[in-house]
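Where a number appears in this text, it was derived from the coordinates with a stated rule and is not lab data. Predicted model, so just to flag it, every value in this text is computed and none were measured. Positions of Cβ are generated from backbone atoms using ideal geometry, with glycine treated the same way; all protein chains shown enter the neighbour counts.
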Amino acid sequence: MKSLLVLILLNLSLFATQISDTQLKKMIGNMIVIGFPDTNINEKSKIIQEINKYNLAGVILFDIFYNDREQNKNILSPKQLQKLTSSLQSLSKHPILISIDQEGGKVARLKPKFGFAEFPSAKKISQNSLKDAQKTYKKMSLMLQKNGINCNFSPVVDLEVNPKNKVIVGLERSFSDDAKIVENYAKILIDEQKKAGVISVLKHFPGHGSSLGDSHQGFVDITDTWSKEELEPYKTLINSKSVDMIMTAHVFNSHLDAQYPATLSYEINTKLLREEMGYKGVIISDDLQMKAISKHYTLKETVTLSINAGVDILLFGNQLGNQDIDELIEMIFMQVKNGSISYQKILASNQSIKKLHE
């Protein structure tokens, strides 16, 4: 068995030396989802040039800019959005993820003021019957499909365990403090989105509902507030074979990893989520420009740690920063070349991401 493993590793190393630098950079690009500032694009647009140059995994759309909430970013109306998403797919040389945060309630990029239907928060959904939730989520999923969205960063499966939590509980983003209720309602959304051809993304692993802070703003420590019960929705949904993607949280828990927050943690992403819980799908980071990460780690440290930890897709929303793609790809490329990032991680992530489009 040991000799077989050595042979496999030798073959992988040999393959790594045979691929061109251009191919490697495209494999790295296939691990990146990025935000961009346009409402309309054409074949000469920067985002299309980047997608095709580096084989980017996809994009994330926002209604407004984080630091200028009066300025629209990607979304003006259903007609405009449908043209934008259609152009993104037709001008890209490969299928891409067009992702969004459409949870319902206060976290919804497709808002009534732009001409889209309004949907209730997770908390309000869970106060209705499962049958009513199914009707609501069917409508929302079909709305995403109609507007060219094929990846939704939802459902939130964080438990509503800390009433002082502002970013999850305060915004009614959690279904309940009861894991079974969370599982039941989340499964409905996952199923309806799947029927509509929309990939669901569970968030925020290993649980953000017990936090006091907001990872957009800075370091968040859940060591003293987190409990293993927060893993239950993930366990149940993973076992149901219905989970395609899971998003990491930028939260620190010394009981799970004494050194790194979840996004950068091999202990949490690989040992806990993959090995202990048996998850085989894609892991995507939360936005790596959030201050919980960017305040404490350099870009080089962030990408190196997260990829080696087992994160498959790196998310740069370009809401809290403006990440240059050439710089990002070159940095990861050099880290692979010098051995700081495992080539096997790049290969494994590309194989997982490919399955999303099958």
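Run the numbers for HIS255 and LYS271: contour at 0.36 nm per residue of separation, minus the present Cα-Cα distance, in nm.
On the way: separation 16, 0.36 × 16 = 5.76 nm, distance 1.35 nm.
Working it through step by step, the gained length comes to 4.4 nm.
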Leading residue at positive end of dipole, region 20-355 (Cβ point charges), from ILE222, MET247, GLN351: GLN351
Spin-label pair ASP132/LYS93, simplified geometry with 7 Å Cα→Cβ offset, distance in nm: 5.1 nm
Aspartates and glutamates with Cα under 19 Å of LYS187, excluding same-chain neighbours fewer than 8 positions away: ASP101, GLU103, ASP132, ASP158, GLU160, GLU172, ASP177, ASP178, GLU229, GLU230, GLU232, ASP244
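If the chain between ASN40 and LEU142 were fully stretched, how many nm would it gain, using 0.36 nm times the residue separation less the Cα-Cα distance?
Details: separation 102, 0.36 × 102 = 36.72 nm, distance 2.27 nm.
Net length gain for the segment: 34.4 nm.
How high is the relative contact order of region 20-355, in percent, with contacts defined as C-alpha pairs under 8 Å that are six or more residues apart?
16 percent.
Counting DSSP beta bridges with both partners in the chain, what percentage is antiparallel, nearest 5? Before the final figure, lay out each step's value.
Details: 4 of 27 bridges.
So the antiparallel bridges in the chain amount to around 15 percent.
So which of LYS123/LYS146; LYS111/LYS195; LYS26/LYS106; LYS26/LYS139 end up more than 30 Å apart by C-alpha? Intermediate results must be reported in sequence, preceding the final value.
Working: LYS123/LYS146 25 Å; LYS111/LYS195 23 Å; LYS26/LYS106 36 Å; LYS26/LYS139 36 Å.
Over 30 Å apart, Cα to Cα: LYS26/LYS106; LYS26/LYS139.
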Relative contact order %, region 146-287, counting alpha carbon pairs below 8 Å whose residues are six or more apart: 23 percent
Answer label for Rg and Dmax of the Cα atoms in Å (calculated), chosen among [x] 50.5, 171; [y] 19.6, 62; [z] 20.4, 71: [y]
Other-chain or far-sequence residues with amide H under 5 Å of SER176's (modelled H): GLU160
Listed residue (SER211, GLN82, SER294) projecting farthest to the positive dipole end of the chain, Cβ model: GLN82
Interchain or long-range residues, amide H under 5 Å from ASP38's placed H: none
Segment ARG69-LYS113, length gained on full extension (0.36 nm per residue, minus Cα span): 14.5 nm
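How would you rank 197-205, 65-73, highest first, on the average number of other Cβ atoms within 10 Å across their residues? Let's see the in-between values first.
Working: 197-205: 23.4, 65-73: 12.2.
The packing order, highest mean first, is 197-205, 65-73.
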Restricting region 233-296 to trypsin sites (Lys or Arg not before Pro) in coil, as DSSP defines it, with at most 14 other Cβ within 10 Å: LYS241, LYS280, LYS295
Nonlocal amide H pairs with HIS204, under 5 Å, H built at 1.01 Å: VAL157, ASP158
